[in-house]
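Reviewing the structure listed below.
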Amino acid sequence: MIRKPDILSVPKKISASFDIYNYLIPSGHSEFIITGESKLVDIIQLNQRLLLVISRFGISLGFGDKSVAEVCKANGLNTSLVLLVLNVFNSHSYSVPELLPKNYIAELIQYLKNGHKYFLTSKLPYIEELINRFIEKNDNPNSYLLRNFFKEYTNEVVEHMSLEERTVFPYILGLLQQSDVEKADVRQPLTYKIDDFIDNHSNIEEKLDDLKQLLIKHFPPTPDQFFRNLILFELFDLDYDLNDHNGLEERILTPIVRTLEKEIKGNG
Ligand SMILES: [Fe+2]
Ligand SMILES: [Fe+2]
């Protein structure tokens, strides 16, 4: 079993002077706390990665000078959940409260599903396109290795995310329904546990390191540097983003579900 690092409590691969994953932002730049009164435009100017969080909550750009709380209200979102996710993405040293409310669950799952959609239908196809352009520009007989490696990696991500969507998220939403006092008479014995998910939550960032190594160290020198570098920038960015995504699943969603399981067992 491969254990993933606790990225939300212990910063992963962050040096004292520079966060190597956050290639666009020197460290220190993102050390600020976001509150309900913060203007969305200001926090995006300070940390452009927050654009990803905003769009995964279904917030469209064009919100003028509105604050986080105002935009959440206009979009029917739970402001405290949005603030938690924004702060966690903004700073890996942000401490997550131990007890989080179960009314975060449905929105958090929607957020994670939107993340899956982004990885599978935008980010990975975009990187594949860059790899194709790189191969076109560099007539190298080993190019197929790169293409095959990336295809295998994509299949792994698809499998990881579809397992969550087919099994884990429906289980959690079912649990939420069962915890509803009005439906207490339809409670079923728990046949699955969130810890089963955590024990098997595979590390989909690991293979990305091999891909980066392949491009940096092993693939022979190529006349084109532009696409080679662009692919690498995107792989670092994907790695960072996946690490945050999986961190939300393990460090925010899972503890809420554990509490819910205990609650249901105690009442059953
Ligand atoms: Fe996921
Ligand atoms: Fe995951």
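Laboratory data are not the source of any read-out in this text; all were calculated from the coordinates shown. Here the structure is a predicted model, which is why all the values come from computation and not from measurement. Here the Cβ is made from the backbone with ideal geometry for all residues, glycine too, and neighbour counts use every protein chain on show.
Identification of helices (runs of 4 or more DSSP H) wholly contained in the stretch 192-268 with 1 or more residues that are more than 13 Å from ligand 1 (Cβ to nearest atom) and of a type in the set (Lys, Arg) yields 206-213, 226-247, 254-267.
Here GLN110 passes the criteria (1) touching a helix residue (DSSP H, G or I) at 6+ places or on another chain (Cβ under 7 Å); (2) within 16 Å of ligand 2 (Cβ to nearest atom); (3) over 16 Å from ASP239 (Cα atoms) except the one numbered (1).
Can VAL168 be described as away from ligand 1 (no atom under 16 Å from the Cβ), in contact (Cβ under 8 Å) with a residue 12 or more places away in the chain, in a helix (DSSP H, G or I) and surrounded by 14 or more Cβ atoms within 10 Å (Cβ to Cβ)? When the stated conditions are applied, VAL168 does not pass them. Taking the criterion of being within 12 Å of ligand 2 (Cβ to nearest atom) and among the β-branched types (Val, Ile, Thr), no residue of the stretch 238-252 qualifies.
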